[in-house]
1. In terms of Cα to Cα distance under 28 Å, which lysines are near enough to A:K12, apart from those fewer than 8 places away along the same chain?
2. Once the dipole of the protein assembly as shown is set up with Lys and Arg at +1 and Asp and Glu at -1 on Cβ about the Cα centre, which of A:S140, B:I383, B:F260 lies farthest towards its positive end?
3. Plugging the Kirkwood radius over Cα pairs into Stokes-Einstein for chain B, at a temperature of 20 °C and a viscosity of 1.002 mPa s, what D comes out in µm²/s?
4. Quote the relative contact order of the stretch B:114-400 in percent (integer), defining contacts as alpha-carbon pairs under 8 Å separated by 6+ residues.
5. Which one, B:A72, B:A134, B:A47, has the greatest fluctuation when you compute a Gaussian network model over chain B with C-alpha springs under 10 angstrom?
6. Go ahead and estimate [θ] at 222 nm for the protein assembly as shown from helices alone: -39,500 (n - 2.57) per DSSP H run with n ≥ 4, summed, over the residue count, rounded to 500.
7. Could you size up the charge dipole of the protein assembly as shown around its Cα centre, putting +1 on the beta carbon of Lys and Arg and -1 on that of Asp and Glu, and report it in debye to the nearest 20?
8. What is the stretch B:29-151's relative contact order, in percent, from Cα pairs under 8 angstrom and six or more apart in sequence?
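Here, each number is a calculation from the coordinates, and none is a lab measurement. None of the values given here were measured: they were computed from a predicted structure. Neighbour counts are summed over all protein chains in view; Cβ atoms, including those assigned to glycine, are modelled from backbone coordinates with ideal geometry.
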Amino acid sequence: MATQNYKVIPRKPLRWWEKLYIPQVIAGMKITLGIMLRKPVTLKYPEERPTIPKGYRGIPTLVKDQNGREKCVSCQLCEFVCPPKAIRVTPGEIDPNAPDAEVIEKAPKAFEINMLRCIYCGMCQEVCPEEAIWLQNEYSLNGYSRDSLVHDKEKLYELGGTLPDKHLKWKKKAEAQAHGPAH
Amino acid sequence: MNEFAKGFIEWFNGSDTSLQAWLGIPDIPVSDDAVSVTGSIFKAIFAVALVLGIMGGCLYTVLLERKTAAWAQGRVGPCRTTMPLIAAIPVVGKVLTYCGFIQPLADGGKLFLRQEPLPEHVNKFYYCLAPCLALAPAIITLVMMPFTSYISPETGKETALMLCNMNPGFVFIMAVSSLGVYGVVLGGWASNSKYPFLGSIRGSAQLISYELSMVLSLLPVVLLTSGNPDANPLSLFSIVQEQNNLWNIILAPLSAIIFFVALMAEMNRQPFDMPESETDTVGGFHTEYGTFKFGLFFTGEYLHMILGSTLFTLFFLGGWHAFPFLPTLGLDGVWATLLGIVCMLVKIIFLLFVIIWIRWTVPRFRFDQVMRVGWKLLLPFAIANFIAYLIGIGVYDSLLK
């Protein structure tokens, strides 16, 4: 500590008018008045909403692709990765008459996200191999009971809606199967 | 003593002496100029209206405080509270809501709807007495406050709109308004808790220290008023009347500054809010109080603010006079009276704003700093100021007149 290089700046003694406080108080009041005349920075919340930044993590939802197919294949990776254990997936068989039935085996029979446990970390979205679970921009979530805050599959699709899929990887797989090995 | 008795009889009786005779009070000669508002019924109505008006004023001072605080912090302040009747008015309703017009009622209502706890460990009698003692002296002082005057067009005689134009009104106000400290002391002591006790001890020390400079700073004003042989220099009404031309803030600026600072300390306003400095004594002397009792303390505090600004207006800002040298803007009769009330209100509201403005500018003094400012700065200046005016006015009277 003794080797530290520092310099003590002596504090100047107050002048006589500074000891009277009054000029200092008036100078301070001028600054306060300037701030009072500024426009308030308040965001009047329910009427005015904040702009949501890119990459915002709101409530997690399930999405369908442009053909209306539910993208989740109930691999349960999200359930496994979820830190607060908010997700519960019950895997089920896919309807054999569905268009992609040859290539896809499973779909969730039930999919629940307990929003009272969810910490909005976005790990489920990150881990999902099907890009089926997405965090939305919606942040204001409330309900009248605990049960109403456990989102079931229906509710999750209702909140998520449709997200057009660029890859349609199961279609490619079906095509590849139809044509045989490419190389 | 005779003066006091006369004052109270006038207050009850107006100019007519039948009540006095009925009560069997011996006839004390009442001088004409002392009778301020004639008719005891009118006086009773005026008293009720005054108390209600001042109490409403307290509520809206809280609103002013909240709004000013919001502005100073870049916020909007209360702007949502409304009620169906007000919200139904097309444009005005929206403006009133935005100004927080109903907010004081909501604040008051909230206080009344809370549970009222009476802690086990307190001295119950004094615990309940303290809030009343904090509020009562402030209301009693209202009796001596002139608010405007009526100049009769025929006789040119000026009468004050006040409940009791007692000659030693100045002394009465100084004596009674400092009784407010008993509320603080008793509240802190009866709470039987360490922080309220500390707060009240600090509060009483501060109030006693600043009382001296406050009264000393007002003596030059009394001296200036006594220049007129007809005026009664200790009556607030005469003090305002003497400021027809030049206001006392121009004639005695140092007095005004000292009085204002001492007033801030007397009202326990920041930067002098020692009794309730919430960072070092939790909630101050009213930590153990809730709901209605806390409401009384709170109202008392704002009532002291209004009374303080009224006193400053009367002593230094020319009371109900509109401008120096133009006291009534050439109006006469009832119009001049109404103009007086408006001028008085404008000055009081401006002073309230300044007091709140200072609160949101200056940080709180430390307790030793409060004592140092009071005893080492204000008191010597007040004494020097008084002696200077004493000599100056003496020289002016004996040599120049």
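1. A:K30, B:K376
2. Working it through, the farthest residue towards the positive pole turns out to be A:S140.
3. Numbers: Rh = 22.8 Å.
Approximately 94 µm²/s, per Stokes-Einstein.
4. Values: 437 pairs, mean separation 71.1, N = 287.
Computed value for the stretch B:114-400: 25 percent relative contact order.
5. Residue with maximal mean-square fluctuation among B:A72, B:A134, B:A47: B:A72.
6. Rounded to the nearest 500, it is -15500 deg cm²/dmol.
7. Working: 50 positive and 47 negative charges, 414 e Å.
That gives the protein assembly as shown a dipole magnitude of about 1980 debye.
8. Numbers: 50 pairs, mean separation 20.2, N = 123.
Relative contact order, the stretch B:29-151: 16 percent.
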